Every structure is written in structure tokens, then in C-alpha cells.
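Written below as C-alpha cells is the structure these notes are about.
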Amino acid sequence: MDLKQIAKDTTKTLTSYVTYQALRVVLAQLDETEPKRAYWLRQFSYRVSIQDGEAFLQALFQEEQRLAFRLLTVREHIAEQIADFLPEMLRTGIQQANLQQRSQQLERMTQLDLTTPSAESQSETNLDESD
């Protein structure tokens with residue numbers, strides 16, 4: 001298990017997600033102040049996938065530099081705001097989700113299936129029929 005690579009991959013995914021959130025913020029702002037630009041940016045985001053935030057920004061820089069810089073600023077602000085409590089929230093969230101998954105699985109494993117006869121009662125029925 002290469003924890004350093006996992007951390008890098010996680011950071012890339014998280015960076016792309018923060019870029020997506022920045023796009024949502026900028027779109028909401030533009031909807032109120034510059035609806036035509038909001039429409040343009042929305043159309044751009046339909047054409048260019050934001051799955052990879054860095055590739056999205058590179059493409060945006062090619063077409064609309066001012067909006068790309070705005071997204072950079074907003075995503076940096078979001079990252080600064082969440083950076084302090086994100087590690088603890090991640091740990092707690094994973095622990096709670098794991099506990100819930102384990103509890104649900106234990107419940108599934110211990111439930112009796114009353115609709116299908118057990119193997120033991122099935123074999124008893126077969127013995128009774130052969131008498």
C-alpha cells in the first residue's frame with residue numbers, strides 16, 4: 001500500500017471537487033450580476049468536463065481568462081476555509097460510515113430467513129416422505 005500515492009490521488013480528487021464547488025459559487029454570483037456570462041460559463045462547463053479540475057481550468061484560460069482567475073481565487077478561498085477542520089471531519093466521517101456499514105451487515109447476517117426452509121428442516125421433511 002503506497003500511502004504517499006494514495007494521498008496524492010486524494011489531493012487531486014479533492015482539488016477537482018473544490019474547483020467544482022468554486023464553479024458553483026461563481027455561477028451563482030454571475031446569475032445575480034451578469035446573467036449572460038453565467039449562461040456562457042454554464043455552457044462551457046457542459047462542453048468541458050470538470051471531472052479533472054486542472055484540465056477544466058486550462059481550457060477556461062484559453063477561452064475566458066478573467067473567469068478562470070476568478071475560479072482560482074474562489075477555490076483558494078474555499079480550500080483555506082475548509083482546510084482546518086477537513087482532516088477531523090474525514091476521520092470522523094469514515095469511522096461513522098464504517099460503523100454503520102458494519103452494523104447493517106451484522107444485522108443482515110443475523111436475520112432469520114423465514115421464507116425458505118432451513119437445510120435441517122428440509123432434510124427432516126425428505127426423511128418423513130420416504131417412510
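The values are calculated or read from the model by the stated rules, or taken from the named source; none is laboratory data. In this text, all values refer to a predicted model and were calculated from it rather than measured experimentally. All Cβ positions, even for glycine, are placed from backbone atoms using ideal geometry, and neighbour counts span all protein chains on display.
Give me the pairs: first residue in the range 49-76 and within 11 Å of Ala22 (Cβ to Cβ), second residue not in a helix (DSSP H, G or I), beta-carbon distance under 7 Å, and six or more apart or on different chains, which are they? Filtered contacts from the range 49-76: Phe56/Val48; Phe56/Ser49; Phe56/Ile50. Residues of the range 32-73 that are among the acidic types (Asp, Glu) and in a loop (DSSP other than H, G, I, E, B): Glu34, Asp52, Glu64.
For the range 11-34, check the following and say yes or no: at least one residue is over 21 Å from the mean Cα position of the chain (by Cα), modelled with pLDDT of 95 or more and buried (at least 17 other Cβ atoms within 10 Å of the Cβ). For the range 11-34, residues over 21 Å from the mean Cα position of the chain (by Cα), modelled with pLDDT of 95 or more and buried (at least 17 other Cβ atoms within 10 Å of the Cβ): present.
Pairs are defined by a Cβ separation below 7 Å, a sequence spacing of at least 6 or placement on different chains, a first member in the range 14-35 that is under 9 Å from Arg75 (Cβ atoms), and a second member that is among the charged types (D, E, K, R); the pairs so defined are Val18/Arg75; Thr19/Arg75; Ala22/Arg75.
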